[in-house]
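Encoded as structure tokens, the structure appears first; notes follow it.
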Amino acid sequence: MRLTGLCLALIASLLVAEPAFAARISRDEAVVRAQKATGGGRVLAIDKIERNGQEVYRVKVLTAKGEIRVVLVDGDTGAVE
């Protein structure tokens, strides 16, 4: 009986645990940071990818100069590459 309770507790903790691939910043915040990094512009696409075990937003921006830039925004810290 005690083993059953322990198993149920373990299952319950797994169900409420935060997913390993959950972002700390939102998709909208990643867009804002990418736009600031490129001096404004129009976002063409945004994807959530995994890079070196970390969640990263890949944001494709069309700049005011007509250039297409790809900006990587760290999903945990919001740091821009």
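Each value in this text was obtained by applying a stated rule to the coordinates, not by laboratory testing. Treat the numbers as computed from the prediction; the structure is a model and nothing was measured. So basically every Cβ, Gly included, is an ideal-geometry build from the backbone, and we count neighbours across all protein chains shown.
Across segment 21-81, counting alpha-carbon atoms alone, Rg and Dmax equal 10.8, 35 Å.
Quick check: net charge around residue 68, other residues with Cβ under 12 Å of its Cβ, Lys/Arg +1 and Asp/Glu -1?
Here the charged neighbours net out to +3.
Computed from backbone phi, the HN-Hα couplings of segment 34-42 come to 5, 5, 5, 5, 9, x, x, x, 9 Hz, rounded to whole numbers (Karplus: 6.51 cos²θ - 1.76 cosθ + 1.60, θ = phi - 60°; Gly and Pro given as x).
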